[in-house]
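Following: one structure in structure tokens, then a few remarks.
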Amino acid sequence: MKKTLILIAVLMLAFVTSQAQTEKGTQTIGVNFQYFQSNYTNTPNPADNTSVATSGKSSTINLGPSYSYFIADKLDLGVSLNYGHNSYDYPQNNGLTKQINSTYGWNLYLRKYFMFTDKLGLRAGPYVYYNYSKGTLSYSANTAPDDHSTTKDYGGGLIAEFVYFPTKHLGFSARLANLSFDHSDNHDLYSGNTTSNNWNLALVNSGLAVSVQYSFGGK
């Protein structure tokens with residue numbers, strides 16, 4: 001009898017944990033983090049608008065705080081801020097040695113939660129965003145001056161994430177897929193003003209994107 005009561009108490013606690021995380025009126029604060037490193041070919045050279053079939057390495061890190069409010073059970077509305085740092089290392093046979101970009105931006109999102117168990121589930125929904133980036137292309141000596149650029153990105157899309165709630169106030173998530181549309185306005189020394197529109201699909205293998213959140217409020 002005692003073991004049965006303990007089991008019932010544990011099950012009730014697990015149910016309350018999930019409900020407290022996603023019920024109407026709950027608020028969350030958190031931190032988002034993404035890191036990605038890759039090798040690539042087809043190195044660009046903005047000095048003469050050509051590219052060279054060589055190998056290089058890129059690394060990307062994004063970090064920022066987030067806040068959300070559950071406007072209904074299992075439905076939250078939130079905003080996040082983002083700082084990103086991108087570094088591209090090129091071989092020197094085309095004169096271009098390094099590219100560094102710094103990005104600042106925000107995201108506004110609406111997410112619906114689909115719980116498989118009391119602690120495990122998915123969340124998915126639309127979002128819009130704005131990013132402002134400043135970049136520098138560095139060249140080896142006696143080739144071309146450094147190219148300084150600025151870029152404004154506007155966009156939106158749909159994102160799906162895995163969620164896990166180990167305790168009443170603590171939650172983790174990991175990105176599964178992100179489909180987005182991007183409009184970019186770029187200005188740099190060699191190309192002047194240019195614009196582009198792109199569709200992008202980022203999956204799990206497109207970089208580790210995780211977040212941790214603390215929940216409070218609610219009932």
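The values are calculated or read from the model by the stated rules, or taken from the named source; none is laboratory data. Keep in mind that what you see is a predicted model, and the values were worked out from it rather than measured. Please note: Cβ atoms are built from the backbone with ideal geometry, for glycine as well, and neighbour counts cover all protein chains shown.
Here 176, 203, 208 are screened, and the one residue that is within 15 Å of the chain's Cα centre (by Cα), within 23 Å of residue 120 (Cβ to Cβ) and exposed (fewer than 13 other Cβ atoms within 10 Å of the Cβ) is 203. Can residue 112 be described as closer than 19 Å to residue 30 by Cα and outside any strand (DSSP E or B)? When the stated conditions are applied, residue 112 does not pass them. With the structure loaded, tell me whether residue 176 is in contact with a Leu (Cβ under 7 Å, 6 or more places away or on another chain) and over 20 Å from residue 100 (Cα atoms) or whether it fails that test. So residue 176 does not fit the description; no. Taking the criterion of being modelled with pLDDT under 90 and assigned to a strand (DSSP E or B), would at least one residue in the range 210-217 satisfy it? Checking the range 210-217: at least one residue is modelled with pLDDT under 90 and assigned to a strand (DSSP E or B).
Summed over the range 182-200, residues that are under 25 Å from the mean Cα position of the chain (by Cα), within 18 Å of residue 136 (Cα to Cα) and small (Gly, Ala, Ser) total 1. When you look at residue 119, is it among the basic types (Lys, Arg) and modelled with pLDDT under 95, yes or no? Yes.
Across the range 186-200, not a single residue is classified as aliphatic (A, V, I, L, M), surrounded by 14 or more Cβ atoms within 10 Å (Cβ to Cβ) and out of contact with any strand residue (DSSP E or B) (no Cβ under 6 Å at 6 or more places or on another chain).
Are any of the residues in the range 127-149 surrounded by 14 or more Cβ atoms within 10 Å (Cβ to Cβ), at pLDDT 85 or above, in contact with a strand residue (DSSP E or B) (Cβ under 7 Å, 6 or more places away or on another chain) and over 19 Å from residue 34 (Cβ atoms)? Among the residues of the range 127-149, not one is surrounded by 14 or more Cβ atoms within 10 Å (Cβ to Cβ), at pLDDT 85 or above, in contact with a strand residue (DSSP E or B) (Cβ under 7 Å, 6 or more places away or on another chain) and over 19 Å from residue 34 (Cβ atoms), which makes the answer no.
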